[in-house]
Structure formats: C-alpha cells, structure tokens
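Down below is the structure, laid out as structure tokens.
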Amino acid sequence: MLLKISRVILSVLLLSLSAYSLITKDFRFLSLMNLLLGGLMIVMGIDEFQKSRRSFMGFLFIGASVFGFYVALQGFLLN
C-alpha cells in the first residue's frame, strides 16, 4: 500500500514539473526531475521484486534508478 501511494505521489510531482518545464520552457528543474524519476523507478523496482522473485523488470528498474540518481547528482554538482 505504501509503495502504491509513493508511486502515485512521485508520478504526480514528476508530471507537474515536466508540464511546467514544457509550458514555460524553463529547464531549471531537470536535475530534480531526474531525481524524482530515479525515485519512481526504484519504487517500481521494489514493487516488481515483491510481485515475483528475481524479475528481470525489477533489475531493469533498479538499474535505471541508479542511472537517474547518478545523472541527478551530476546535475546538482555541476550547476
């Protein structure tokens, strides 16, 4: 239940920030969007691991979240 709530909250935040960036053409929040996307991917990966053991999609989501966190960290440090 907690993972579902977390997924919905992260999705809404990510969608609203993305829509704001597209409408205003203000891309200051790209690092924050990458961080939120990494969080969403890790929540989805944990959910996949809970549904089935050793799921390929779970590993894929975890790998994508690590990459998203890495990109967000670089964005925060370089700006």
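The values are calculated or read from the model by the stated rules, or taken from the named source; none is laboratory data. Just so we're clear, the structure is a prediction, and the values are computed from it rather than from any experiment. Counting neighbours? That spans all protein chains shown, and the Cβs are built from the backbone with ideal geometry, glycine included.
Observations
- The listed residue being assigned to a helix (DSSP H, G or I) and under 11 Å from the mean Cα position of the chain (by Cα), out of SER21, SER11: SER11
- In the stretch 23-79, residue surrounded by the most Cβ atoms within 10 Å (Cβ to Cβ) [restricted to those that are polar (S, T, N, Q) and closer than 14 Å to ARG7 by Cβ]: SER65
- The single condition among (1) at pLDDT 90 or above; (2) over 12 Å from the mean Cα position of the chain (by Cα); (3) among the aromatic types (Phe, Trp, Tyr) that PHE27 does not meet is (1).
- Selection of first residues in the stretch 26-52 that are among the polar types (S, T, N, Q) and of second residues that are outside any loop (DSSP other than H, G, I, E, B), restricted to Cβ pairs under 6 Å at least 6 apart or on distinct chains, gives the following pairs, ordered by first then second residue: SER31/ALA72; SER31/GLY75; SER31/PHE76; ASN34/GLY68; ASN34/VAL71; ASN34/ALA72.
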